[in-house]
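One structure is given here, and the rest of the page talks about it.
Rule-based calculations on the coordinates, nothing more; no lab input. Just so it is clear, the model here is predicted, and its values are computed rather than measured. Positions of Cβ are generated from backbone atoms using ideal geometry, with glycine treated the same way; all protein chains shown enter the neighbour counts.
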Amino acid sequence: MKILLLILLAAAPAFPQEKPIEVRLYSLHKFPAVELESDGVSVFVGERLLKGRGRITARGNLVALDSDIKAGGARIEATAYGKGVWLSGKGLPRRLYRGKLTFSARNGKLKIINSLPLETYLSGVVSAEASDLSQREACRAQAVAARTYTLTHMYNHIKEGYNMCDSSHCQLYPGLGEIQPKAQEAADSTRGELLYYRGAPADAFYHSACGGHTAVMTDVWPFEHRKYLVSVRDGPAGKPYCSIAPGFYWKTQIYYSGLTRIARGAGWISSGEEATGLRISAWGASGRAAKLEIYTQVRRVTVPATEFYHGVGRRAGWQAVRSSFFKIYSGKDHVILEGAGSGHGVGMCQWGAEGMARKGFSYRAILQHYYPGTEIIK
Ligand SMILES: [Zn+2]
Ligand SMILES: [Zn+2]
């Protein structure tokens, strides 16, 4: 018996993508309760079958289920087979999930972790991340990039007890309720394919639109240099592949009063200081701003461009400063930022992939363009 078991284990697929992935659901929401709808599918809570609807509520650090079955304690585990279970609730979009769901609570707020096979997760990610893309080859490039990114970033939230969150911090995962056929095709036709660089899966970062040149990763984050995350010119000069992106060129006016509020909120200046100017003091290899200086009545404060981009995004919305690829024009009481592209600029440019695919490039050529020197391994 023991020998047979060993043989079975040895024959089991060794690919890491066969491992389930644990994703935190509704990670940007704070909520005390969630509804489960099991119509037409089998949802088990522990060993028992849930009929119809149920409601899981946080009670301090415990959870309780009210339905035809009563359950509660430190955690509730449910498993949804078949099509999946619909979750919804006050302030929560209604979404379909499949696999194991673990509900727990902390200080009256629910935490939901979904454990599901990587390829199922991927069809949801590609559907959300490539929702604006129309080209088959662009969606396939997105599928390989997202699959590889998942493997190399599985430890993003390991200290919090799961692998990935479902927001753009990791990758968008709005469940399985609206899987687009093009996304499913992309995930299926590239099943198991990963980007490798010199024998190891690549850090396959991607973003919306680079603005003409992708960013060197080390200009954006203080991580170890990766040879394939360098600045790539995205298509012919003056006509980048990603120029088809809606809102590719953007312009934002920021009054010094608004800049003061943002800079105080972010802790760049103190509460007694007023912002009186803003300039770029250093540029990265791709032409993006690398460092900015905020002037006040008394001093100049240097802020890394990535921190500025995130600081403004969090306080004034992500549409205000869409990337760190911009120029600054100063007025009397304001500055105007004129920029191109959106997102951090590292790795694959999603709109550039779409532009390349429209010109007839294959997903392999697209991946080779944005991650030079990598290879696809199945
Ligand atoms: Zn995350
Ligand atoms: Zn681009």
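Please determine, in degrees from 0 to 90 and to the nearest 10, the orientation of helix 256-265 with respect to the longest principal axis defined by the Cα atoms of the chain, where the helix direction is its Cα long axis.
40 degrees
Name the most mobile residue of TYR363, TYR97, TYR255, meaning the one with the largest mean-square fluctuation, in a Gaussian network model of the chain with Cα contacts below 10 Å.
Per the Cα network of the chain with a 10 Å cutoff, TYR255 tops the list.
Karplus couplings for the range 66-81 from phi (6.51 cos²θ - 1.76 cosθ + 1.60, θ = phi - 60°), rounded to Hz, Gly and Pro as x?
10, 6, 5, 10, 9, 8, x, x, 5, 8, 10, 10, 10, 10, 10, 9
Between the alpha-carbon centers of the range 264-282 and the range 171-211, tell me the distance in whole angstrom.
Computed from Cα coordinates, the inter-centre distance equals 38 Å.
Would you mind checking the tilt of helix 2-11 against the longest principal axis of the Cα atoms of the chain, expressed as 0 to 90 degrees and rounded to 10?
40 degrees
With springs connecting C-alpha atoms under 10 Å apart, model the chain as a Gaussian network and identify which of PRO222, PRO304, PRO20 has the largest mean-square fluctuation.
Greatest mean-square fluctuation among the candidates belongs to PRO222.
Per residue of the range 208-223, in order, report the coupling 6.51 cos²θ - 1.76 cosθ + 1.60 (Karplus, θ = phi - 60°) as ³J(HN,Hα) in whole Hz, putting x for Gly and Pro.
6, 8, 7, x, x, 9, 6, 8, 6, 4, 5, 6, 9, 10, x, 9
Can you give the charge dipole size of the chain about its Cα centre, rounded to the nearest 20 debye, using +1 on the beta carbon of Lys and Arg and -1 on the beta carbon of Asp and Glu?
Values: 48 positive and 31 negative charges, 97 e Å.
I would put it at about 460 debye.
As a test, work out the antiparallel percent of DSSP beta bridges whose residues both lie in the chain, rounded to the nearest 5.
Antiparallel bridges make up about 95 percent of those DSSP assigns within the chain.
Based on DSSP H runs of at least 4 residues, each adding -39500 (n - 2.57), what is the mean residue ellipticity at 222 nm of the chain after dividing by all its residues, to the nearest 500 deg cm²/dmol?
On the way: 9 runs with 91 residues, N = 378.
Here the helix-only value at 222 nm equals -7000 deg cm²/dmol.
Counting other beta carbons within 10 Å of each Cβ, put GLU193, GLU47, GLU160, GLU274 in order, fewest first. List each step's numbers first, then the result.
On the way: GLU193 18, GLU47 7, GLU160 12, GLU274 15.
Fewest to most other Cβ atoms nearby, the residues stand as GLU47, GLU160, GLU274, GLU193.
What is the range 208-329 by shape, rounded, prolate or oblate, if you read a ≥ b ≥ c off the alpha carbon gyration tensor as root eigenvalues and call it rounded for a/c under 1.5, prolate for a/b larger than b/c, and oblate otherwise? List each step's numbers first, then the result.
Numbers: a/c = 2.31, a/b = 1.66, b/c = 1.39.
In terms of gyration-tensor shape, prolate.
Long-range amide H contacts for PHE31: which residues qualify at under 5 Å (H placed 1.01 Å from N, peptide plane, sequence gap of 5 or more or a different chain)?
LEU110
Could you pull out every one of the lysines with an alpha carbon less than 23 Å from that of LYS251, ignoring same-chain neighbours closer than 8 positions?
LYS239, LYS291, LYS327, LYS332
Would you look at the GNM of the chain, springs on alpha carbons closer than 10 Å, and say which of PHE44, PHE103, PHE223 moves the most?
Per the Cα network of the chain with a 10 Å cutoff, PHE223 tops the list.
Taking other Cβ within 10 Å of each residue's Cβ, how do ARG261, ARG147 sort, fewest first? Can you show the working numbers first?
Details: ARG261 14, ARG147 25.
Fewest to most other Cβ atoms nearby, the residues stand as ARG261, ARG147.
Given an 8 Å cut-off on Cα distances and at least 6 residues of separation, report the relative contact order of the chain as a percent. Let's see the in-between values first.
Details: 852 pairs, mean separation 60.2, N = 378.
After rounding, I find 16 percent.
Sequence gap of 8 or more, or different chains, plus Cα separation below 22 Å: how many lysine pairs satisfy both in the range 18-117?
20
For helix 305-316, what angle does its Cα long axis make with the longest principal axis of the chain, in degrees from 0 to 90 and rounded to 10?
70 degrees
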